[in-house]
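Here's the structure we're looking at; comments come further down.
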Amino acid sequence: MATTQPTYRPLRLAVLISGAGSTLANLIERIRDGRLRGAEIVLVISSRGAVRGVEIARQAGLPVKIVRPIDFADEQAFSEAITTAVDQAEAHLVLMAGFMRYWRLPPRWQGRVLNIHPALLPRFGGRGMYGQHVHAAVLAAGERESGCTVHLVDLQYDHGPIVAQRRVPVLPGDTPDTLAERVQAAERELYPEVVQTVVERGLEWLGAK
Ligand code: GAR
């Protein structure tokens, strides 16, 4: 007897970017080659117009919205534009991927927005702690290890509940660049793994973390 396919609804992702888009490129690649299953990117929002991440999104045929702070009267109006865009896209989950702006997300989005940060939070986070600044600070502090953190986004920078972390060693002779490379390799594994777990266990899993 023929069995019916279970009804299957992909997890709809909106990805927020500001720059190079390497995190976005990795997600696109993994969805394409099937390493990340059951998720689709329904919208990419960039806080800057002329960045590589926008090109990557367009080349992949994804809908892109440029939402630049400069086009809005204040942070609240900018935040509302982001909220409207993710609402209209009917996203289930928002992934910050090198997004360098503050989004004052409304309560209904809290618990459904993730960020990846290139250090072991709660250390080496907060305003101004992004990209190479983070790796330089880790080296200056003489740390023996670093890593990356996926966390839920709340109203404070790099602050919400930690969902997952991956550690990497800091090696003798490391520069911010060599350390960044090692951390980013860990990021490329960790972020899709977290999304895959949300696909499998549902958004409730994030709340339970
Ligand atoms: C990643 O290393 C990510 O952890 C970092 O930006 C890089 C991604 O940029 N994010 C932060 O520092 C956020 N505080 P890209 O995806 O634009 O290449």
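Can you tell me the length gained on complete extension of the stretch Asp33 to Ala185, counting 0.36 nm per residue apart and subtracting the Cα distance?
Computed gain between Asp33 and Ala185 is 52.9 nm.
Taking the Cβ of each residue in Trp109, Trp205, Trp103 as the centre, tally the other Cβ atoms inside 10 Å and list the residues starting with the fewest.
Ascending Cβ contact count within 10 Å gives the list Trp205, Trp109, Trp103.
Counting other beta carbons within 10 Å of each Cβ, put Leu24, Leu139, Leu93 in order, fewest first.
Details: Leu24 26, Leu139 16, Leu93 22.
Ranked by crowding around the Cβ, least crowded first: Leu139, Leu93, Leu24.
Give me Met129, Met100 sorted ascending by neighbouring Cβ count inside 10 Å, so fewest comes first.
Placing the least packed residue first, the sequence is Met100, Met129.
With +1 assigned to the C-beta of every Lys and Arg and -1 to the C-beta of every Asp and Glu, and no other charges, what is the dipole magnitude of the stretch 1-97 about the Cα centre in debye, to the nearest 20? Display every interim value, and only then the final one.
Values: 11 positive and 10 negative charges, 95 e Å.
My answer is approximately 460 debye.
Between Leu203 and Met100, what's the calculated FRET efficiency when r is the beta-carbon distance and R0 is 22 Å? Round to 0.05.
For Leu203 and Met100, the calculated efficiency is 0.30.
For the stretch 54-126 and the stretch 174-206, compute the distance between their C-alpha centroids and round to whole Å.
Taking the Cα centre of the stretch 174-206 as reference, the centre of the stretch 54-126 is 17 Å away.
Residues of the stretch 153-184 with the amide nitrogen closer than 13 Å to a label point 7 Å from the Cα of Ala20, along Cα-to-Cβ, please.
Inside the label zone: 176-184.
Between Arg127 and Arg167, what length in nm is gained on full extension when 0.36 nm per residue of separation is reduced by their alpha carbon distance?
Result for the pair: 12.2 nm of gain on full extension.
Which FRET efficiency value, to the nearest 0.05, is calculated for Glu40 and Ala73 with the Förster distance at 41 angstrom and r the Cβ-Cβ distance?
0.75
Give me the number: length gained by fully extending Glu193 to Asp177, i.e. 0.36 nm times residue separation minus the C-alpha to C-alpha distance, one decimal in nm.
3.3 nm
If you average 1/r across every pair of different Cα atoms in the chain and take the reciprocal, what Kirkwood value do you get, in Å?
Final number for the Kirkwood radius of the chain is 17.7 Å.
Over the chain, what relative contact order in percent results from Cα pairs under 8 Å that are six or more residues apart?
Value for the chain: 19 percent.
Just so you know, all these numbers are worked out from the coordinates, no wet-lab data involved. All values reported here derive from a predicted model rather than from experimental measurement. Every residue, glycine among them, receives a Cβ derived from its backbone with ideal geometry; neighbour counts consider all protein chains shown.
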